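Please treat every number below as a calculation from the coordinates, not as lab data. Being a predicted model, the structure only gives us computed values, none of them experimental. Quick reminder, even Gly has a Cβ in these numbers, built from the backbone with ideal geometry, and neighbours come from all protein chains shown.
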Amino acid sequence: MFVVEPDDQVAVKIRGLPYQVRYEEISDFFSNYQYIEKSVILGLNNEGRKNGFGAILFENEEEAAAAAKGMNREHVGSRYVDLSVITYGDYKRFNKPRDFGGDRNYAKPVKLANYVNKDNQDRSLVMRGLPYRATTQTVQDFFDGFGSL
């Protein structure tokens, strides 16, 4: 039996997955390629909900590259996905918090349930699609002049 060493493995990162995607759908999507069985990881946000990202391990770099090229922009459910090859180390850290250094206001997890309740829900705004380097100050500056915080 052929054994793949972890250092030889490479993964494909998947962006744009439907939030209701199942592990089996990812395995089926890559069925024409030699992936590592039961290696699918689905990305989770800070509240533990699926975030539209995923990753899957492949037996070698060539197979991962072929899958990423061959299946890029194909559909999983009703959504097309963007695929890119990532290292085994990035795969292992897939759902772990990251420290990007620099500004400590950046990338801190915020659990909305701690701040939004039925008393203030009608006055709350959820922002999506912010740049990765956005800080609390960036958002405050953006809304400067539109009322009080």
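Report the full-extension gain for the segment A65 to R49: residue separation times 0.36 nm, less the Cα-Cα distance, to one decimal in nm.
This chain segment gains 2.9 nm when fully extended.
Would you mind ranking K50, K118, K69 so that the residue whose beta carbon has the fewest other beta carbons within 10 Å leads the list? Write down the numbers at each step before the final one.
Details: K50 15, K118 6, K69 10.
Going from least to most buried by this count: K118, K69, K50.
Using per-residue counts of other Cβ atoms within 10 Å, averaged over each peptide, order 10-17, 61-68, 124-131, 137-144 from highest down.
So the peptides 10-17, 61-68, 124-131, 137-144, ranked by packing, come out 10-17, 61-68, 137-144, 124-131.
Ranked by Cβ crowding within 10 angstrom, fewest neighbours first, how are L57, L112 ordered?
Neighbour counts put them in this order, fewest first: L112, L57.
Counting alpha carbon pairs within less than 8 Å and at least 6 residues apart, what relative contact order, in whole percent, applies to the stretch 8-60?
Computed value for the stretch 8-60: 52 percent relative contact order.
Suppose the chain between R133 and F94 were pulled fully straight at 0.36 nm per residue; how much longer would it get relative to their current alpha carbon spacing? Provide the component values of the computation, followed by the final result.
On the way: separation 39, 0.36 × 39 = 14.04 nm, distance 1.89 nm.
Once the chain is fully extended between R133 and F94, it gains 12.2 nm.
Among V116, V40, rank each residue by its count of other Cβ atoms within 10 Å, from fewest to most, as a rough exposure measure.
So the ranking, lowest neighbour count to highest, is V116, V40.
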